[in-house]
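Everything on this sheet refers to the single structure shown next.
Nothing in this text is a laboratory measurement; each read-out follows from the coordinates by a stated rule. Since the structure is predicted, the reported quantities are computational estimates derived from the model, not experimental observations. Positions of Cβ are backbone-derived with ideal geometry, glycine not excepted, and every protein chain shown enters the neighbour counts.
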């Protein structure tokens with residue numbers, strides 16, 4: 001543990017800024033061997049689960065993009081009554097962007113990491129609004145007799161909120 005020279009609060013030895021007064025603590029002397037067991041030595045003192053979680057979510061973005069590409073290529077929705085249908089190119093393009101985005105995160109490209117932070121925040125905001133809509137819709141669907149799809153959608157939206165929130169945290173921890 002270290003003591004903040006400004007506010008005199010006790011803080012973990014890996015802290016770079018005081019959480020109470022905001023002071024820069026990079027020049028404060030640290031105890032020798034003061035790393036806690038949850039932190040790896042020599043890795044800027046990030047928790048040992050941070051990098052695997054970061055790579056796991058980045059790989060999830062690649063997987064989700066590949067899934068969108070495959071789904072788009074298999075989708076055969078007719079454009080008009082004379083058309084027999086074909087791939088959904090919009091979904092294919094969105095999937096390709098997702099794959100490139102996930103690879104950029106895996107490669108730790110700073111531009112993509114910075115934009116990801118903003119996009120994850122926006123996704124959380126939209127998903128929270130969707131969740132409110134699902135809650136209101138669940139009441140209506142329950143009155144009409146069928147709400148399983150609404151409940152599944154609520155869980156998927158909550159999962160997406162948690163995933164994006166975790167990614168924002170991981171991006172901050174892996175700077």
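Here are some notes:
- Cβ-based exposure ranking for 9, 26, in which fewest neighbours within 10 Å come first: 26, 9
- Residue order, fewest to most surrounding Cβ atoms within 10 angstrom, among 167, 73, 1, 154: 1, 73, 154, 167
- Fully extended contour minus Cα-Cα distance, from residue 132 to residue 175, at 0.36 nm per residue: 12.2 nm
- Cα-projected label distance for residue 74 with residue 9, points at 7 Å along beta-carbon direction, nm: 5.2 nm
- Calculated FRET value between residue 23 and residue 55, using beta carbons and R₀ = 45 Å, to 0.05: 0.85
- Residues 175, 127, ranked from the fewest to the most other C-beta atoms within 10 Å, line up as 175, 127.
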